[in-house]
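K.L.:
One structure, as structure tokens, below. Some questions next.
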Amino acid sequence: MAEGGSGPRSLRLLCLHGYRQDARSFRARSGALRKALRGRAELLQMDAPHVIAARPGEASLVEPLEGSARGWWFSNPQEGTFSALEETSSCKGLEESLEAVAEACAEHSPIDGLLGFSQGAALVGIICALKQRGDPRFQFDFAILVAGFRSMALDHQSYYQEPIQVPSLHVLGEMDRVIPAEMSQKLASHFSEPLFLTHSGGHFIPVSAAQKKTYLEFLDRFGK
């Protein structure tokens, strides 16, 4: 598991990458954030447990194919594919991903917070709901959700039935064509006191000077 930053006062964030990414590719994508948080937070990377088979001509609103191409669950179990826009009566892979995250949390304890991107942020939302229900596998204090969304799988809807009390920062891109800002806002609406960082760009983690200030101010609430 890769990491960045050091120091006894650094918070430890477990990072959950997007669909069709892996730990290595997301470490590269989050490099600017890792540098911005150096000395304040340590970013720990993990791979989703499910490998995605390449399919010629596949076209859907997902991440560009990169790295070892992994995912947290599939909205189309028969095809082994995922789309955030796909309403489905069933999905495949969530339980294995929850167990993988639980194992990573235990292995690298203490984990202070979760940081998720795209499908990884959707998974963070589900984990926050489980934490609120008292799931002992998930011991953390806060969540940062970048380009997150509410899962449209019918068997996931129970996770959104009550307000989620976990402190959260939701990062939205006004020009995001993969996960439109409205989808991220819908996920944020299930949190009791969500904070927002809105940027004018697309499907990436923003790290301008002003945005760095927002991240640091949020993390300062959980200083160790």
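K.L.:
Leaving ligands, DNA and RNA out of it, work out the accessible area of residue 221 with a 1.4 Å probe and give it in Å² to the nearest 10.
P.N.:
For residue 221, solvent-accessible area is about 130 Å².
K.L.:
Please name which of 120, 136, 68 has its Cα lying farthest along the dipole of the range 59-177 towards the positive end, using unit charges on Cβ (Lys, Arg +1; Asp, Glu -1) and the Cα centre as origin.
P.N.:
Towards the positive end, the residue furthest out is 136.
K.L.:
When the Cα atoms of the chain are enclosed in a convex hull and the volume is divided per residue, what value in Å³ results?
P.N.:
Enclosed volume per residue, from the Cα hull, is 107 Å³.
K.L.:
State the extension gain, in nm to one decimal, for the chain segment bounded by residue 133 and residue 208, taking 0.36 nm per residue of separation less the distance between their alpha-carbons.
P.N.:
Full extension from residue 133 to residue 208 adds 23.4 nm.
K.L.:
Give the longest segment of the chain that steers clear of GluC sites (Glu not before Pro) in DSSP loops with at most 13 neighbouring Cβ atoms within 10 Å, not counting the sites themselves.
P.N.:
Result, exposed sites excluded: 88-173.
K.L.:
Could you give the C-alpha radius of gyration of the range 115-159 expressed as a fraction of 2.2 N^0.38 Å, taking N as the number of residues it contains?
P.N.:
1.11
K.L.:
With a 1.4 Å probe and every protein chain kept in, tell me what percent of the accessible surface of the chain is carbon plus sulfur.
P.N.:
The C+S portion of the solvent-accessible surface of the chain is 50 percent.
K.L.:
On a C-alpha basis, how far is the centre of the range 177-224 from the centre of the range 78-140 in Å? Whole number, if you could?
P.N.:
When both Cα centres are located, 19 Å separates them.
K.L.:
Can you work out the accessible area per residue across the chain, with the rest of the protein chains kept in place, probe 1.4 Å, in square angstrom?
P.N.:
43 Å²
The values are calculated or read from the model by the stated rules, or taken from the named source; none is laboratory data. Remember, it's a predicted structure, so these values are computed and weren't measured experimentally. We place every Cβ from the backbone using ideal geometry, glycine too, and count neighbours over all the protein chains shown. Ligands, DNA and RNA are excluded from the accessible area calculation, which covers all protein heavy atoms including side chains. Shrake-Rupley method; radii C 1.70, N 1.55, O 1.52, S 1.80 Å.
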